[in-house]
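Single-structure report; data block below.
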Amino acid sequence: QVQLVESGGGLVQAGGSLRLSCAASGSIFSINAMRWYRQAPGKQRELVAVVSSTGMTDYVDSVKGRFTISRDSAQNTVYLQMSSLKPEDTAVYYCNAVVATDSHSYYASYWGQGTQVTVSS
């Protein structure tokens, strides 16, 4: 019913920048919060950043001042601008959206397939 498609990952040198995008499509009535998570090899998935439906944002401490999350509600898209990248930012990045598919449905959580970000030292 709802698909999330990420793009923008890749290989970058330390200190560089990347911009991730995640577009939601399908049967969408309303989107609440949108989030970016990441999972490094051998580690648990961690929440990186969140943007509410009103535009409020929050970040994990390790990326504050370097990453910026934003959303285009008209396009059902969330972005993650990543700057001053470090090798420890290397991970698969996943977007997540909390979506209601019609005016009578509950909100449910949907995930993208993930995009690899690799930061070389």
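Checked against (1) in contact with a strand residue (DSSP E or B) (Cβ under 9 Å, 6 or more places away or on another chain); (2) surrounded by fewer than 15 Cβ atoms within 10 Å (Cβ to Cβ), residue 37 passes all but condition (2). Within the range 87-118, the set of residues being open to solvent by less than 60 Å² (accessible area, probe 1.4 Å), among the hydroxyl-bearing types (Ser, Thr, Tyr) and in a loop (DSSP other than H, G, I, E, B) comprises 90, 101, 105. Check residue 28 against each of (1) among the β-branched types (Val, Ile, Thr); (2) open to solvent by 60 Å² or more (accessible area, probe 1.4 Å); (3) touching a residue at least 40 places away in the same chain (Cβ under 8 Å); (4) part of a loop (DSSP other than H, G, I, E, B) and name the one condition it does not meet. Evaluating residue 28 over (1) among the β-branched types (Val, Ile, Thr); (2) open to solvent by 60 Å² or more (accessible area, probe 1.4 Å); (3) touching a residue at least 40 places away in the same chain (Cβ under 8 Å); (4) part of a loop (DSSP other than H, G, I, E, B) leaves (2) as the failure.
For residue 84, the test of being closer than 16 Å to residue 30 by Cα, at pLDDT 95 or above and open to solvent by 40 Å² or more (accessible area, probe 1.4 Å) is failed.
Taken over the range 8-27, the criterion of being at pLDDT 95 or above and over 13 Å from residue 89 (Cβ atoms) is satisfied by 8, 19, 21, 22, 23, 24, 25, 26. Here residue 74 fulfils each of the conditions (1) in contact with a strand residue (DSSP E or B) (Cβ under 7 Å, 6 or more places away or on another chain); (2) under 21 Å from residue 8 (Cα atoms) apart from (1). Remark: pairs (first residue in the range 62-83, closer than 11 Å to residue 49 by Cβ; second residue assigned to a loop (DSSP other than H, G, I, E, B); Cβ separation under 6 Å; 6+ apart in sequence or on different chains) = 66/83; 66/84. Residues satisfying the criterion are present in the range 64-76 (criterion: under 15 Å from the mean Cα position of the chain (by Cα), part of a strand (DSSP E or B) and exposed (fewer than 14 other Cβ atoms within 10 Å of the Cβ)).
The values are calculated or read from the model by the stated rules, or taken from the named source; none is laboratory data. No experiment lies behind these values; they were computed from the predicted model shown. Backbone-built Cβ (ideal geometry, glycine too); neighbour counts: all protein chains shown. These area figures cover heavy atoms from the full protein model, side chains too; ligands, DNA and RNA do not enter into them. Shrake-Rupley method; radii C 1.70, N 1.55, O 1.52, S 1.80 Å.
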